[in-house]
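Below is one structure, written out as structure tokens; the observations come after it.
The values are calculated or read from the model by the stated rules, or taken from the named source; none is laboratory data. Fair warning: this is a prediction, and the values are worked out from it, not measured in the lab. Heads up, the Cβs are rebuilt from the backbone with ideal geometry, glycines too, and the neighbour counts pull from every protein chain shown.
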Amino acid sequence: MSQAVPRTNLLVSVGIAGSTSSPPDLALLGRLEAELNALFRYWELLIAVEVDHVDRYAPLLGKLSKVRLLKLRHGASLYRQRVALAEEAIGDVIVLSTFDEFAEVPIGQLIERAERSGHMVIARRPSRNPLSATLRGLGAGAGFRVDANDLSTAAYPRPILNRLLAHPDPQLALRFPPIDNSLAVESLDCGPSTRARQRTSLHDVQRRLSLAHKLLTGSASRVLTTLSLFASLVSISSLAYVFYAIAIWLFDDHVQPGWFTTSLSIGLTAFFLGCAIFGMSIGLQKIIDLLSSQSSDDIIEEITSIDLFNEVFEELNIEYDTMKGKQPITAIADDRTDDDRTDDV
């Protein structure tokens, strides 16, 4: 049985984040290297390492081929490491994963499917999570498709990766695809985990709390919109109450002493607070809109009928010699001899 020839028409980048203080598993990384060598001729392996862990990961340079270690500053979160890997990757298809997941995900299948479809492909492992609905709601408020069953491993074709890096929040955009009809997303079922269930560490809890905080802050624009609408309703209602209090004071002879002044102060105070909150809400929303402008990302694809190269070939009078098969291009631009050109000068 003949061995499959690795593909030579595709450059692949695989990035792994989430380095720890423990040494890396060389057997798992070697298995990944063998899989990439069997499928692709041109590939690279990028590993994000905090500056404190470089000594433990430096031996990989001598034991693995085509590996790049990215030394990151201390305290760089997992999502910042993913952004750094995505910015440094040079492949046509880029895979971002973690040390906890890459060994259980079919990296080759992710790459092939992303390259074939041109879509973002996310590794998925179905599970029962009681917080799925809450996370989905937080994600929708922030403008992202959040699913607790999606893993941190995904494959991105180069055009999609460039769009996600240009997003106002690339850390979340690389983890959860934004809610955008023009962004096609597929999932690849990886089946149940084969690893023994480990106890949740304090670092994992902090990472999840940080993710929830990012989703909450990402929904600031929608929260401010709702707040401004509510503040406008309060202002209108309080102003109507002030006019009501004035009408009662003018046309009712049995007004209790102090009622008018109390009603007037309450109504005017509520009107002032409503106007102030409304002004601050729309001001902050305007700032967010200016900072998150994506005017350069409006064009998704171009469909054209222009054949510019054919026009250039005709104008330069360039043709192929078809009598002897495929030969280098022969230019027939001027049939005059050198003597004729000298006479012209």
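If I filter region 287-298 for residues that are at pLDDT 85 or above and under 15 Å from S228 (Cα atoms), do I get at least one hit?
Yes, some residue in region 287-298 is at pLDDT 85 or above and under 15 Å from S228 (Cα atoms).
Out of everything in region 193-246 that is of a type in the set (K, R) and farther than 30 Å from D169 by Cβ, what residue ends up being modelled with the lowest pLDDT?
Checking each candidate, the answer is R197.
Just name the residue that is modelled with the highest pLDDT out of those in region 123-142 that are part of a loop (DSSP other than H, G, I, E, B) and under 28 Å from E112 (Cα atoms).
Across region 123-142, the extreme among qualifying residues is R125.
Could you list, ordered by first residue, the pairs with Cβ atoms under 7 Å in which the first is in region 171-193 and closer than 12 Å to I122 by Cβ and the second is among the small types (G, A, S), at least 6 apart or interchain?
L174/A86; R175/S152; F176/G139; E186/S117; L188/A123; C190/A123
Under 9 Å between Cβ atoms, at least 6 apart or on separate chains: pull out the pairs that start in region 44-60 with a residue that is aromatic (F, W, Y) and end on any residue that is exposed (fewer than 15 other Cβ atoms within 10 Å of the Cβ).
Y57/P23
Please count how many residues of region 9-50 are among the hydroxyl-bearing types (S, T, Y) and either surrounded by 16 or more Cβ atoms within 10 Å (Cβ to Cβ) or at pLDDT 90 or above (or both).
Number of matching residues: 3.
For the structure I just gave you, tell me whether L215 is in contact with a strand residue (DSSP E or B) (Cβ under 9 Å, 6 or more places away or on another chain) and either among the charged types (D, E, K, R) or within 30 Å of I288 (Cα to Cα) (or both).
The answer is yes for L215.
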